[in-house]
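Just below is one structure, and these are the notes that go with it.
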Amino acid sequence: MTSVTTTLRAIVKRPAGPEESEDRTNVSELDRTRRTVRIVMRILAAVVILGLLVVSFGPLLWLFKAALSTSQDILKYPFEWWPSGIQWQNLPDAWSQIRIGQYLLNTVWMAAGCWFFGLLVALTGGYGIAILRPRYAKAVNVAVLATLFIPGVVSLISLYVTVLDVPLIGVNLVNTFWAVWLPTAANAFNVLLVARFFDRLPRDVFEAAKIDGAGVFRVFWSIVLPMSRPVIGVVSLLTIVGSWKEFLWPLLVLPSPDLQPLSVGLYRISDTAPTSLLMAGMFISVIIPIGLFLLFQRQFLRSAGQAGAIKG
């Protein structure tokens, strides 16, 4: 019996060999030592990375080239680099002649409102479901979850009718940013995302705060919000990106050109504006969110990683 136990202990403690390692791949460690295999793997890795770069940056580079080309070069020589020279004047001309500056300001204002109201609804809704937990919290959670299975197109007409004549107050919100801000704020995915994050927060802190006499609002403002920076960053990124590229709903509720965002404004002038200025306007509309993401990518990625890795 003693010899069997000793043998089992030796087997358990024996270090795993190359064939017994936990990391199992199609190419073993023995194959990796061969020069031919290493060369082939490096070539495949280079081809995959090059393909990803072409797919990711190819359209952006072509848009940059088209934004600084003449209309004739864009149509006649779509894949040649500036046959008539670089047209830097296209950018300021697009800003002034086709009102890219006004459309950009409308887009920023629309995205800021969607961010504020969306964050307000997501944080307060998640706080009520996950932290306060009233008796009807489960029913509310199920109802919010059920809305995710309803396609947005199904509720488009009813939502538009509601915006035309808001119940109880009888106000027409068409041609106002409220028609975009309020429907966007009611985002079930963000509410559930925040609620799941709040579920992982240590409840001992909330119990201690209640014992010390902290009220519901004080707990939310002084304890929950400082601990929720990761999920706030994730929800902010999702909300801003979603509102920036939104097209159909602003097209319906913002018919006035003075209020339309970039997505709608560029579509409206696509038949009348010169191709070169239209491409320059598209480049401006694309490069700004990319620049903001590159500037704050460390904070965004850190928040996205911490949102699912909080430990109590």
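Quick one: if the Förster radius is 30 Å, what FRET efficiency do Phe57 and Trp88 give, using the C-beta to C-beta distance and rounding to 0.05? My answer for the efficiency is 0.90. What FRET efficiency comes out for Ile287 versus Leu120 if R0 is 41 angstrom and r is the Cβ-Cβ distance? Round to the nearest 0.05. Efficiency computed from Cβ-Cβ geometry: 0.85. Going by the alpha-carbon gyration tensor, a ≥ b ≥ c the square roots of its eigenvalues, is the range 236-280 rounded (a/c under 1.5) or, if a/c is not under 1.5, prolate (a/b greater than b/c) versus oblate? Oblate is the answer for the range 236-280, as a/c is 1.5 or above yet b/c matches or exceeds a/b. Among Lys245, Lys210, the order of accessible area from largest down is Lys245, Lys210, computed with a 1.4 Å probe on protein heavy atoms. What the pair-distance distribution of the range 155-227 shows, using all Cα-Cα distances binned every 10 Å from zero, is 16, 31, 19, 23, 11 percent.
Extension gain, Met227 to Ala146: 0.36 nm times the residue separation minus the Cα-Cα distance gives 26.3 nm.
Sorting the segments 275-281, 105-111 by their mean number of nearby beta carbons within 10 angstrom, highest to lowest, gives 275-281, 105-111. Per residue, the accessible area of the range 78-193 comes to 60 Å² when a 1.4 Å probe rolls over the protein heavy atoms.
Where in the range 222-256 is the amide nitrogen less than 19 Å from a point lying 7 Å along the Cα-to-Cβ axis of Thr176? Those under the cut-off are 249-256.
Over the range 100-208, all Cα pairs binned in 10 Å intervals from 0 give whole-percent P(r) values of 13, 34, 33, 15, 5, 0, listed from short to long. By accessible area, using a 1.4 Å probe on protein heavy atoms only, the range 158-228 has 65% of its surface on carbon and sulfur. Spin-label pair Met41-Leu132: with each label point 7 Å from Cα along the Cα-Cβ axis, the two points sit 5.6 nm from one another.
Cα gyration tensor of the range 51-128, axes a ≥ b ≥ c as square roots of the eigenvalues: rounded (a/c below 1.5), prolate (a/b > b/c) or oblate?
The shape class here is oblate.
Students often check this: by mean Cβ neighbours within 10 Å, which of 167-180, 231-244 ranks highest, and how do the rest follow?
231-244, 167-180
Seen from a random direction on average, the alpha-carbon convex hull of the range 189-282 projects onto 8.9 square nanometres. Rolling a 1.4 Å probe over the protein heavy atoms leaves Ile288 with an accessible area of roughly 50 Å². Each peptide in 221-229, 247-255 gets a packing score, the mean of other Cβ atoms within 10 Å over its residues, and the list from highest to lowest is 247-255, 221-229. For the range 66-83, putting each phi into the Karplus relation 6.51 cos²θ - 1.76 cosθ + 1.60 with θ = phi - 60° gives couplings of 5, 5, 10, 10, 7, 4, 5, 5, 5, 7, 8, 10, x, 10, 9, 8, 6, x Hz, in residue order, rounded to whole numbers and with x for Gly and Pro.
The values are calculated or read from the model by the stated rules, or taken from the named source; none is laboratory data. Everything numeric here is computed off the predicted structure, so don't read it as measured data. Cβ atoms come from the backbone with ideal geometry, glycine included; neighbour counts cover every protein chain shown. To get the accessible areas, we keep the full protein, side chains included, count just its heavy atoms, and leave off ligands, DNA and RNA. Shrake-Rupley method; radii C 1.70, N 1.55, O 1.52, S 1.80 Å.
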